[in-house]
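To keep things clear, I will list the structure first and then write my remarks on it.
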Amino acid sequence: MKTGKKIVYMGTPQFAVAPLKNLLESGYEVAAVITAPDKPGGRGLQLIRSDVKQFAEEKGLEVLQPLSLKDPEFLKQLASVEADLFIVVAFRMLPADVWKMPRLGTFNLHASLLPNYRGAAPINHAIINGETKTGVTTFLLDEKIDTGAILFQEECIIEPEDNMGTLHDKLMEIGSGLVVKTADALFSGNAVPVPQPAQREEELKPAPKLNRETGHIDWKQSAERISNQIRGLSPYPAAYSVMKADGREIQVKIFSAAVIAQKCEHSPGTIVKTSKSSFMVACGDEYLSVTLLQPSGKRRMATGEFMAGIRDLESWKFE
C-alpha cells in the first residue's frame, strides 16, 4: 500500500520484530528490510534466518542481507528505494553513507534511558547494576555509537522479580509504540531532537557486550549483587559457577535464586542444605537460595531434582 510514508527498516533479533509489526499495522510502507545474513547453526549447521527476516518474509516484504554495509552495489540498491526515513532497531553500526541517505534521517531505538547504558547489552547491565528503573529511547544517528540527539524516551519500572527475559519483553512492547510515535513525529515535522546531556564518560554507566567473565559468579560479592547478576543474565546467556569436591567439578548455570536475609556464617561458596529439595550458598554477607539451575551436559531443572542426583551435596563448594 502506497502511503507517502516510505521507510527502510533495519533489525535482526526478536526485539526488532514488534516495532516492525507495529509500523505495518500503522500504515507505513516498508519498502525494504535490512537484516543480518543467514548463519549456520543447530544440528547439521543449517542456515538460520534472523527473527526479523522470518517475519518480513511472512509479510511479503523485500529483504536485503548485505555482508558489508559499505558495498557499492548495496548502497546503490538502497538509494534506489528512495525511502523517506530509515529506522534501526537492534542492528549493527551504520556507516555515514547509509544513515545520511534518507531525507528525514535515520533514527534508532535503544533499550535504555540514554545517555546511560550505551552499548550492546543495556537490558542486562541495568539489572546487573541493580537499577529499579530503565526505559527506551529513540534518537537520531550520528558518527558515534548511541550519542545522537534524543527524540523520545519512555520509562519502565524494573520489578524485583524481573529478569532479562521479562524486562526484554516489556521494553520491546514499549519500544514498538515509541517507534511509531517517533516516525509519526518525523513525518509530521513535529519532532524536536534534543542533544544528549553533556557528561564525562566516567560518569556514565556503560553497557558493553557480554563476555564469559560477565557471567562468572564471585561468591565473595554480596547476595544481592549476585542475585542481580543472575537476573540480568537469565534466561540467556546465564550466570554460572563451578562446583568442586575431591577433584571432581561440575559447571552449573544458575537461572533463578532468592536472597536469604541471614548473616553469613560460612565462607563464600559454601553449600548449606536447608531441606531435601533446597539449598543455599554462602555469599559475602548473606545467603542465596538457588531455585533453578542447569548442570553442564544436562537440561535445566529445579533445585530438588538436581539434589536428588547428588548424595554428598554439602561436600561440594562453589568456586
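The values are calculated or read from the model by the stated rules, or taken from the named source; none is laboratory data. The shown structure was predicted, so the numbers you read here are calculated from the model rather than taken from an experiment. FYI the Cβ positions are ideal-geometry reconstructions off the backbone, even for glycines, and counts take in every protein chain you see.
Worth a mention:
- Entry remark, segment 194-204: residues being more than 12 Å from Phe139 (Cα to Cα) and either surrounded by 15 or more Cβ atoms within 10 Å (Cβ to Cβ) or in contact (Cβ under 8 Å) with a residue 24 or more places away in the chain (or both) number 3 in total.
- Of all the listed residues (Ala121, Ala149, Ala191), the sole one being surrounded by fewer than 18 Cβ atoms within 10 Å (Cβ to Cβ) and hydrophobic (A, V, I, L, M, F, W, C) is Ala149.
- Strands (runs of 3 or more DSSP E) lying entirely in segment 20-121 (those with 1 or more residues that are farther than 22 Å from Ala191 by Cα): 29-34, 39-41, 46-48
- Of the residues making up segment 209-228, those that are under 27 Å from Leu113 (Cβ atoms) and either modelled with pLDDT under 95 or in contact with a Ser or Thr (Cβ under 8 Å, 6 or more places away or on another chain) (or both) number 0.
- Taking the listed residues Ala245, Ala198, Ala191, Ala185, the one that is more than 29 Å from Ser26 (Cβ to Cβ), assigned by TED's automatic domain parsing to the domain that holds Thr12 and out of contact with any Gly (no Cβ under 7 Å at 6 or more places or on another chain) is Ala198, with no other qualifying.
- Some residue of segment 75-84 being outside the structural domain of Glu224 (by TED's automatic domain parsing) and touching a Ser or Thr at 6+ places or on another chain (Cβ under 9 Å): no
- Residue list for segment 269-286, filter: surrounded by 19 or more Cβ atoms within 10 Å (Cβ to Cβ) and either at positive phi or in contact with a Cys (Cβ under 7 Å, 6 or more places away or on another chain) (or both): Gly269, Ala282, Cys283
- Scanning segment 243-263 for residues that are within 12 Å of Pro295 (Cα to Cα) and either β-branched (Val, Ile, Thr) or not in a strand (DSSP E or B) (or both) returns Ile250, Val252, Ile254.
- The residues listed here are Glu82, Glu173, Glu161; of these, the one that is surrounded by fewer than 17 Cβ atoms within 10 Å (Cβ to Cβ), farther than 22 Å from Tyr9 by Cβ and of a type in the set (D, E, K, R) is Glu161.
- Filtered residues of segment 275-319 (kept if modelled with pLDDT of 95 or more and of a type in the set (Lys, Arg)): Lys298, Arg299, Arg300, Lys317
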